[in-house]
């Protein structure tokens, strides 16, 4: 039975790889259509509303032609917006009526769930028009897939042996911990001066600073936003003495937990006795608690 199979998922979630693999295995059964591929061929990959009407018409015509030839068709755009599925279902319903087919063509949806940061990591390895960038992927994730669900870590943190003579320190994250983004893309901190400062946490750090603790900010933000980030902290923190280490420019494609471990090993380990950590993201909280045995206070929901 012929089918139109809608593949749904973030960029770099494996949709096209799956479709191509199925075509290689059964070339007489499956064909594939993709608006990005058509756009690259017709318009050099440039999107515009006017051109997109033509692209969709070409895509729909190809689906009809392949169905007429007895093939099933993969539609491997992201298909995250519900209107995409609705449109495909409508044209297939029209096809069944126009062709008066004995057995209706079915519409099937196949999901490609993937961690947004895994998708970003894989996309970073792409070149040319296949590379869409972390901002685009995270925006899609935030708009269509993100859910605010707190996750618990039942295992208590281990214990870290203190080293005589080392200064005492507190580690603190920025995005979602010291600064609330209010919808800002976390991969673009150019407007971080508009973030909401976490005044309660700031007072806690102020007290600890008075007690002689070195406050150390470890952040997944790119260091290209160093100036904007320093301005935000200087404008809001009630104490002047702190250190900050950010994501190096050449480390744009590694996930936060790996980055934080590298920053910790390079700038904190064997240099300070860490009293506690303030962070928000589940995978990073897991690093502090499970991998490093540090006491970590999770400031915000971190299931992302």
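Please indicate, with yes or no, whether at least one residue in segment 94-105 is modelled with pLDDT under 80, out of contact with any helix residue (DSSP H, G or I) (no Cβ under 9 Å at 6 or more places or on another chain), surrounded by fewer than 11 Cβ atoms within 10 Å (Cβ to Cβ) and not in a helix (DSSP H, G or I).
At the first step, the residues of segment 94-105 found to be modelled with pLDDT under 80 are 101-102.
The next check asks that each one be out of contact with any helix residue (DSSP H, G or I) (no Cβ under 9 Å at 6 or more places or on another chain); those that pass are 102.
Still in the running and surrounded by fewer than 11 Cβ atoms within 10 Å (Cβ to Cβ): 102.
Imposing the further condition that a residue be not in a helix (DSSP H, G or I) reduces the set to 102.
The answer is yes; a qualifying residue exists.
Among the numbered criteria (1) at pLDDT 90 or above; (2) surrounded by 19 or more Cβ atoms within 10 Å (Cβ to Cβ); (3) in contact with a helix residue (DSSP H, G or I) (Cβ under 8 Å, 6 or more places away or on another chain), which one does residue 15 miss?
(3)
On the basis of being over 20 Å from residue 233 (Cβ atoms) and modelled with pLDDT under 85, does residue 153 make the cut?
yes
Among the residues that make up segment 191-202, is at least one of them part of a loop (DSSP other than H, G, I, E, B), in the same structural domain as residue 288 (by TED's automatic domain parsing) and in contact (Cβ under 8 Å) with a residue 60 or more places away in the chain? Break it down into steps so the answer makes sense when it comes.
Restricting attention to segment 191-202, the residues satisfying the condition of being part of a loop (DSSP other than H, G, I, E, B) are 191, 195, 198.
Within this subset, residues satisfying the condition of being in the same structural domain as residue 288 (by TED's automatic domain parsing) are 191, 195, 198.
Now restrict to residues that are in contact (Cβ under 8 Å) with a residue 60 or more places away in the chain: 198.
Yes, segment 191-202 contains a residue that is part of a loop (DSSP other than H, G, I, E, B), in the same structural domain as residue 288 (by TED's automatic domain parsing) and in contact (Cβ under 8 Å) with a residue 60 or more places away in the chain.
For segment 27-84, what are the residues that are touching a strand residue (DSSP E or B) at 6+ places or on another chain (Cβ under 9 Å) and part of a loop (DSSP other than H, G, I, E, B)?
If the condition is that a residue be touching a strand residue (DSSP E or B) at 6+ places or on another chain (Cβ under 9 Å) and part of a loop (DSSP other than H, G, I, E, B), then 29, 34, 69, 71, 76, 77, 78, 79, 80 are the ones that fit.
Please go through segment 102-141 and pick out each residue that is within 12 Å of the chain's Cα centre (by Cα) and at positive phi.
133 - this is the single residue of segment 102-141 that is within 12 Å of the chain's Cα centre (by Cα) and at positive phi.
Need the failing condition index for residue 238 against (1) surrounded by fewer than 16 Cβ atoms within 10 Å (Cβ to Cβ); (2) within 19 Å of the chain's Cα centre (by Cα); (3) assigned to a loop (DSSP other than H, G, I, E, B), just the number.
(2) is the only condition that residue 238 fails.
Mind checking which pairs have a first residue in segment 232-258 that is without any contact (Cβ under 8 Å) to a residue 24 or more places away in the chain and a second that is assigned to a helix (DSSP H, G or I), Cβ under 7 Å, 6 or more apart or different chains?
Matching pairs, first to second residue: 251/259.
Quick check on my filter: what residues within segment 1-17 are over 21 Å from residue 60 (Cα atoms) and in contact (Cβ under 8 Å) with a residue 60 or more places away in the chain? Explain how you work it out, then say what you get.
First, pick out the residues of segment 1-17 that are over 21 Å from residue 60 (Cα atoms): 10-14, 17.
Passing the criteria: 10, 11, 12, 13, 14.
Among all residue pairs at least 6 apart or on different chains, which show Cβ distances below 6 Å where the first residue, located in segment 133-144, is over 16 Å from residue 81 (Cβ atoms) and the second is part of a helix (DSSP H, G or I)?
These pairs meet every condition: 134/120.
The values are calculated or read from the model by the stated rules, or taken from the named source; none is laboratory data. It should be emphasised that the depicted structure is a prediction, and the values quoted were computed from it without experimental measurement. A quick note on method: Cβ atoms are made from the backbone with ideal geometry, for glycine too, and the neighbour counts reach across all protein chains shown.
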